[in-house]
Amino acid sequence: MELSSLNPAQQEVVDLLGAPRTEWPEFDPDLRGDLRRMLDDALSPLADGLGEETLWVGKYKLKEVHGCEVRFVAEQAGFVPSAATARGTVTHKAIELTLNLPGDTPPLDLVDEAIARLQDSDAWLADWLRTCDEAERAELRGEVNDLLVKFLDCWPPLRPQWRPAPESRLNYDLFGGTIVLAGKVDLALGRAEGTRAGKVLIDLKTGRSSPLHREDLRFYALIETLRLGVPPRRIATHYLDSGHLQIEDVSLDVLEAAVARTVDGIAAMVELRDPERPLQKKPGTACGWCALAEDCAEGQEWLTDESRAY
């Protein structure tokens, strides 16, 4: 598909995410070292207390530990997959396959291939896919097909010169691997050139907009800067249902905010290992899929509050 034949939604993606090299911002080559020192200074006392253990820190754990601590502690015992959690993972895999299979492959075939590959993998979702009933599988298949079609409707074909990298993993070790910052970006486009930032990191969301989604991407931008020495130029969240693209330019302030949130989250994760530490309940949207909600008075009150605007 030529760019001249893009629909308005696809053209908007090109306009919002693309930029000529002359507009790429340039960053101080010492930026990575400065951010690393900020993390080292704040986290060194915590790392000393972890001993030989490795603390893996991802966007989901950061989001949860900054939310309801009761739910966070309960989930450390094990994560239980469901149709709702499967939907996003299968959708992301199907989108990844759009880059590797012929462009005329029907969306439903991409969905079936995504389900088959995940089912035959060692991914956390494999067991659920192998044991779910036919009704659950059919519902999942239909929902993912709908989301994939919406992605294809709103996104231009990803050209090779854009260097598209779906499901791009990012890791960065602190204190010799005692603490590991880890993430997986749904889609990365572009590249850095010297100290000029040209890359864009994109998260694809199947639900409603939330301020926390921007925090997820700021965390990814921090890892990318520590890993490469140059931050991404821009971060963006694309909401598949609405087609809305929420963007933010990456700046020093954005990266420092990500450092502060990461430090606070890691500190809370370490503190919550103490069984004597009081846990804070924070009802919110996560109550809708919390396994503890049925027996949680605060959660039930939040869920049944008819005055809340949606």
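Observations
- Any hit, region 36-43, residues being closer than 26 Å to residue 262 by Cα and loosely packed, with under 11 Cβ neighbours inside 10 Å: yes
- Residue 188 vs. criteria over 18 Å from residue 96 (Cβ atoms), at pLDDT 95 or above, in the same structural domain as residue 255 (by TED's automatic domain parsing) and not aromatic (Phe, Trp, Tyr): no
- Test for residue 234: is it under 23 Å from residue 12 (Cα atoms) and among the basic types (Lys, Arg): yes
- Out of 259, 250, 270, 263, sole residue that is closer than 25 Å to residue 173 by Cβ, touching a strand residue (DSSP E or B) at 6+ places or on another chain (Cβ under 7 Å) and of a type outside the set (Gly, Ala, Ser): 250
- Restricting attention to region 59-114, the residues that are surrounded by fewer than 17 Cβ atoms within 10 Å (Cβ to Cβ), in a loop (DSSP other than H, G, I, E, B) and touching a Lys or Arg at 6+ places or on another chain (Cβ under 8 Å) total 1.
- For region 226-240, a tally of residues being modelled with pLDDT under 95 and surrounded by fewer than 17 Cβ atoms within 10 Å (Cβ to Cβ) returns 0.
- Qualifying residue in region 189-200 (condition: under 13 Å from the mean Cα position of the chain (by Cα), surrounded by fewer than 22 Cβ atoms within 10 Å (Cβ to Cβ) and hydrophobic (A, V, I, L, M, F, W, C)): no
- When restricted to residues that are at pLDDT 95 or above and outside any helix (DSSP H, G or I), region 8-44 contains 7.
Yes or no, residue by residue, for (1) modelled with pLDDT of 95 or more; (2) among the aromatic types (Phe, Trp, Tyr); (3) not in a helix (DSSP H, G or I):
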residue	(1), (2), (3)
255	yes, no, no
263	yes, no, no
269	no, no, no
275	no, no, yes
282	no, no, yes
287	no, no, no
300	no, no, no
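Rundown of residues vs (1) in the same structural domain as residue 37 (by TED's automatic domain parsing); (2) under 28 Å from residue 8 (Cβ atoms); (3) crowded, with 22+ Cβ neighbours inside 10 Å, yes/no style:
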residue	(1), (2), (3)
213	yes, yes, no
224	yes, no, yes
242	yes, yes, no
247	yes, yes, no
250	yes, yes, yes
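- Taking region 217-247 as the range and being in a loop (DSSP other than H, G, I, E, B), within 15 Å of residue 17 (Cβ to Cβ) and in contact with a strand residue (DSSP E or B) (Cβ under 7 Å, 6 or more places away or on another chain) as the test, the residues that pass are 232, 233.
The values are calculated or read from the model by the stated rules, or taken from the named source; none is laboratory data. What you are looking at is a predicted structure, and each value in this text was computed from that prediction instead of being measured. For neighbour counting, all protein chains shown are included, and Cβ atoms are generated from backbone atoms with ideal geometry for every residue, glycine included.
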